[in-house]
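Here is the structure we will look at, set down as structure tokens.
The values are calculated or read from the model by the stated rules, or taken from the named source; none is laboratory data. Quantities reported herein were computed from a predicted structural model and do not represent experimental measurements. A quick note on method: Cβ atoms are made from the backbone with ideal geometry, for glycine too, and the neighbour counts reach across all protein chains shown.
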Amino acid sequence: MKATFSTEFWSAVAAGWASPDEGAARRKRKMDYTVQMETLDGWMENIQLSSQQLDVIRQQDNRMVINGSAGSGKTLTLLYKLLRAMEVDEAGKKMLYIAFSLPLVQDAKNKLAESPKYKELSSQSKHEVQVLTFHELASSALREIDPDITKFYTNQIGIHKRSERTIQRTLAFINKFMSQENEKLPQGQRLYQTHRSVFFTDEVLWMKANGFVTEESYLNCDRIGRGSVPRLTKEQRKTIFKLFQEYHRDRDARFGNDRFDAEDYAIYLLEKISEMEDDEKYDYIFADEMQDLQPMQILALHLLCKSTGKLILAGDPKQRIYKRSPVTLRHMDIDVEGRRTRYLKVNHRSTKQIMRLAGSLDFQDTDNDREEVRHMSLREGDKPLIRSFKQDKDLASWLVKQIEDLCRDEPSSRIAIVHRFDDDAMAVKESVVHSELQKLFYVRNANEYHRFVYKKNDRTVFFADAFSVKGLEFDYVFLLHFDKHHYPHKREVQKVNERFHDDRTSEEYMKDLHTVHNDEKKVLYVALTRARRKVALLFTGDVKNISPYVREFVTRDYEHYGFNKRDLFS
Ligand SMILES: Nc1ncnc2c1ncn2[C@@H]1O[C@H](COP(=O)(O)OP(=O)(O)OP(=O)(O)O)[C@@H](O)[C@H]1O
């Protein structure tokens, strides 16, 4: 495979997002009446599907989106759709279930393994069923391109978790260019100093995530998701595109079989799909957490379906915690208009009190052009608690006591401490809370989630960052860092401030800052909605240190301790 992306194929993609499945995707919705009266009881233990979930499971469209708030049963419904396809379809079908991360793959596999229906159906070996992350799926295509390739990504890598390898090599490349070549360019094509470093890395990966890998498509694209500063003129875009090509040539020459960036996976998979015969493709693809799949990944899944195949996407735009994109499903010719997009409205995970608090966070979802759908929760519970502590050690001893009590009174409950150290392993290790917890409990990270099987007196707590708890659920969530440095995360605010230097009054600055707040509130929303029974938001310092997002909560919706609610608004 050449370093440059094949112009012919990618121009066709960018021009019309043409799909061989055009006819099939427009096919009329058909209800399968044969099992319409079934309730599918007993397929999974302790699950009685709602009529709305049943309706979605029975729906037969070739392209479908299952939308719904956190905890509304999207994953469950998707798994049931897989089970139902296994039951009703004639033998020999190829079925693929895509989960967002390795822990979620394992979680889906566990749920299937525990399902009496799956046990029955898989023992018949009627179909070929795979459960994979997107990267696991795509790495097989890359192996064909280069059998000597040594390293593979198997997990989804998003904007906040760039691979170090990719960052280092893009930075080295752009820094060399800026110091040696930039000045030699004609004035208009020269890049600004602000185009170096992280800007270039993000631009390259964004281009690949959205399929802007030919000059024409890149020069004409709408740079949604890239912020307004630093500006990039059309002439400068030409420079960036040349660098984009040179970066790949340079990378391939220097890194050989260790050359792929995570965003290349979808691109190469798409090129491979364009050479595939229909019968090599899948009859069914079910993809969860679609809001965080990149456009090229969704396009690859769409094209990886047989012409008569089905692609079912499940997701919640409110939980999108990675970058926005100019490429929509419509651009990709994935027709999910009308009843092909279904909303699950009842929350089966969190209590009314948790959802009320999380639901009052005010953020927009620019991709969600549909009217807001109201959701309801079934269970009542305690109000969330917001609590301040003088110092970390006070917070740690309170937390230890709470967890001690829970381990004694409700030994089978799952407990998570959700932090914002993100990928900073050193910060985790050095944190007072983490070291105090380690003295008394088994502290596990999110990757170990699927391996957690309750044993009496197990004393397990999960200590995980707000990104890696995505898609997981716990009975109790203790959210650390509910302060102004972490919600919004100061790293994200700093990035915007650095881009604008002293000019923090411009409209563009306000727009980019607004985007940061929007994304950070989604991170908080995801973390809060992991809790089934109760959530506590904790911070240290006085009330001035609290996260500004506290003001979006209705004061009667939470208990508080250590500060006065009136001081929040003074
Ligand atoms: N009909 C039901 N009966 C009992 N439990 C249910 C039902 N539907 C969903 N649940 C449970 O509710 C919880 C949330 O379901 P699920 O994980 O499928 O939601 P989700 O919409 O995918 O959530 P998220 O967007 O946060 O990942 C799970 O524990 C699931 O088993």
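In the list 69, 101, 115, which residue meets the criterion of being modelled with pLDDT of 90 or more, within 12 Å of the ligand (Cβ to nearest atom) and of a type outside the set (A, V, I, L, M)? Please lay out each step first, then the result.
On the way: 69 fails: modelled with pLDDT of 90 or more; 101 fails: modelled with pLDDT of 90 or more.
Only one candidate passes the filter, namely 115.
Is it fair to say residue 329 is hydrophobic (A, V, I, L, M, F, W, C) and at pLDDT 90 or above?
So residue 329 fails the test.
Evaluate the following for residue 164: is it closer than 22 Å to residue 467 by Cβ and either surrounded by fewer than 20 Cβ atoms within 10 Å (Cβ to Cβ) or at pLDDT 90 or above (or both)?
yes
Taking the conditions exactly as written (of a type outside the set (Ser, Thr, Tyr) and free of Cβ contacts under 8 Å to residues at least 60 places away in the same chain), does residue 289 satisfy them or not?
Answer is no for this residue.
Please work out if residue 144 is within 14 Å of the ligand (Cβ to nearest atom), acidic (Asp, Glu) and either farther than 25 Å from residue 525 by Cα or within 22 Å of the chain's Cα centre (by Cα) (or both).
no
Can you name the residue in the stretch 549-567 that is surrounded by 13 or more Cβ atoms within 10 Å (Cβ to Cβ) and farther than 15 Å from residue 385 by Cβ and, of all such residues, is nearest to the chain's Cα centre (by Cα)?
The extreme case among them is 549.
Okay, residues lined up against (1) basic (Lys, Arg); (2) over 26 Å from the mean Cα position of the chain (by Cα); (3) closer than 20 Å to residue 458 by Cα:
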residue: 401; (1), (2), (3): yes, yes, yes
residue: 407; (1), (2), (3): no, yes, yes
residue: 414; (1), (2), (3): yes, no, yes
residue: 421; (1), (2), (3): no, no, no
residue: 425; (1), (2), (3): no, no, no
residue: 428; (1), (2), (3): no, no, no
residue: 432; (1), (2), (3): no, yes, no
residue: 441; (1), (2), (3): no, yes, yes
residue: 444; (1), (2), (3): yes, no, yes
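Any chance you could count how many residues in the stretch 259-303 are closer than 19 Å to residue 86 by Cα and away from the ligand (no atom under 16 Å from the Cβ)?
Summing the residues that are closer than 19 Å to residue 86 by Cα and away from the ligand (no atom under 16 Å from the Cβ) in the stretch 259-303 gives 7.
Which of the following residues is within 11 Å of the ligand (Cβ to nearest atom) and either assigned to a loop (DSSP other than H, G, I, E, B) or buried (at least 16 other Cβ atoms within 10 Å of the Cβ) (or both): 44, 64, 86?
On the way: 64 fails: within 11 Å of the ligand (Cβ to nearest atom); 86 fails: within 11 Å of the ligand (Cβ to nearest atom).
Answer to the selection: 44.
Among the residues of the stretch 121-152, what is the count of those that are in a loop (DSSP other than H, G, I, E, B) and farther than 25 Å from residue 44 by Cβ?
Within the stretch 121-152, residues that are in a loop (DSSP other than H, G, I, E, B) and farther than 25 Å from residue 44 by Cβ number 7.
Considering only residues that are out of contact with any Lys or Arg (no Cβ under 6 Å at 6 or more places or on another chain) and touching a residue at least 40 places away in the same chain (Cβ under 8 Å), look in the stretch 550-570 and name the one that is farthest from the ligand (Cβ to nearest atom).
Restricting to residues being out of contact with any Lys or Arg (no Cβ under 6 Å at 6 or more places or on another chain) and touching a residue at least 40 places away in the same chain (Cβ under 8 Å), the top hit is 563.
Which fully enclosed strands (runs of 3 or more DSSP E) of the stretch 437-537 have 1 or more residues being touching a residue at least 24 places away in the same chain (Cβ under 8 Å) and among the hydroxyl-bearing types (Ser, Thr, Tyr)? Give the derivation first.
Working: elements: 442-444, 460-465, 474-479.
Filter on the stretch 437-537 gives 460-465, 474-479.
Would you point out the residue of the stretch 182-238, among those that are of a type in the set (S, T, N, Q) and in contact with a Pro (Cβ under 7 Å, 6 or more places away or on another chain), that is farthest from residue 135 (Cα to Cα)?
Within the stretch 182-238, the subset of a type in the set (S, T, N, Q) is 182, 187, 189, 193-194, 197, 201, 210, 214, 217, 220, 228, 233, 236.
Next, from what is left, pick out any that are in contact with a Pro (Cβ under 7 Å, 6 or more places away or on another chain): 194, 210.
Working: 194: 32, 210: 16 Å.
Only one residue tops the list, namely 194.
So, of the residues in the stretch 524-542 that are surrounded by fewer than 24 Cβ atoms within 10 Å (Cβ to Cβ) and of a type in the set (Val, Ile, Thr), which turns out to be nearest to the ligand (Cβ to nearest atom)?
Among them, the one singled out is 526.
Out of all the residues in the stretch 305-322, which are more than 14 Å from the ligand (Cβ to nearest atom) and either surrounded by fewer than 20 Cβ atoms within 10 Å (Cβ to Cβ) or β-branched (Val, Ile, Thr) (or both)?
307, 308 - these are the residues of the stretch 305-322 that are more than 14 Å from the ligand (Cβ to nearest atom) and either surrounded by fewer than 20 Cβ atoms within 10 Å (Cβ to Cβ) or β-branched (Val, Ile, Thr) (or both).
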